[in-house]
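S.K.: Mind looking over this structure? Questions follow.
Each value in this text was obtained by applying a stated rule to the coordinates, not by laboratory testing. None of the values given here were measured: they were computed from a predicted structure. Glycine also receives a Cβ, built like all others from the backbone with ideal geometry; neighbour counts cover every protein chain displayed.
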Amino acid sequence: MAETGPFWRWQGEVLSLRCQVQPRASADRIIGEHGGRLRIRISAVPSEGAANERLCRFLASEFGVAPGAVEIGTGHGSRFKTALVRAPARIPPDLGIAPARA
């Protein structure tokens, strides 16, 4: 059985995050949970995948993984996305995400 929260779900070693992304922000930052999604502000513009790429790099730095360990599962052209983080090395403490069970 997968561990789940309001915006997150463990699927084996992969952490699935339901996100609402705001592009063109002044800085990259995690705002917190809102309406069952993790709100994230990204400084990149939503053009030619720039915001998606920046989101993956930002989440990689927050979760302590290489950029290649983060991908957009769904919502490539939408503000509402599912981001997949493979084997996160750390979990940002303010998110309330339970560690994966072995």
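S.K.: Classify the chain from the C-alpha gyration tensor, please: rounded if a/c falls under 1.5, else prolate or oblate depending on whether a/b exceeds b/c. Intermediate results must be reported in sequence, preceding the final value.
M.R.: Details: a/c = 1.69, a/b = 1.53, b/c = 1.11.
The shape class here is prolate.
S.K.: Let me ask you something else. Using a Förster radius of 22 Å, what is the FRET efficiency between Arg79 and Ala27 based on their Cβ-Cβ separation? Nearest 0.05, please.
M.R.: Taking R0 as 22 Å, the efficiency between Arg79 and Ala27 is 0.80.
S.K.: Return the single residue from Ser43, Ser26, Ser61 with maximal mean-square fluctuation; model: Gaussian network over the chain, springs between Cα atoms under 10 Å.
M.R.: Result: Ser26 has the largest fluctuation of those listed.
S.K.: Here's a follow-up. Give, in nm to one decimal, the length gained when the segment between Ala50 and Ala66 is fully stretched (0.36 nm per residue of separation minus the Cα-Cα distance).
M.R.: On the way: separation 16, 0.36 × 16 = 5.76 nm, distance 1.77 nm.
Here the segment from Ala50 to Ala66 would lengthen by 4.0 nm.
S.K.: Amide H of Asp28 versus every other amide H placed in the peptide plane: which residues, excluding those fewer than 5 positions away on the same chain, fall under 5 Å?
M.R.: Here the answer is Ser43, since their amide H atoms fall under 5 Å of that of Asp28.
S.K.: Out of Ile31, Ile42, Ile72, any idea which swings most in a Gaussian network model of the chain, alpha carbons joined below 10 Å?
M.R.: Fluctuation is largest for Ile31.
S.K.: Counting each DSSP H run of 4 or more residues in the chain as -39500 (n - 2.57), what helix-only mean residue ellipticity at 222 nm follows after dividing by all residues, to the nearest 500 deg cm²/dmol? Before the final figure, lay out the partial values.
M.R.: Numbers: 1 runs with 14 residues, N = 102.
Roughly -4500 deg cm²/dmol at 222 nm, from the helical runs in the chain.
S.K.: Okay, next question. Please compute the net charge surrounding Pro88, taking Lys and Arg as +1 and Asp and Glu as -1 over other residues with Cβ under 12 Å from its Cβ.
M.R.: Cβ neighbours under 12 Å give a net charge of 0.
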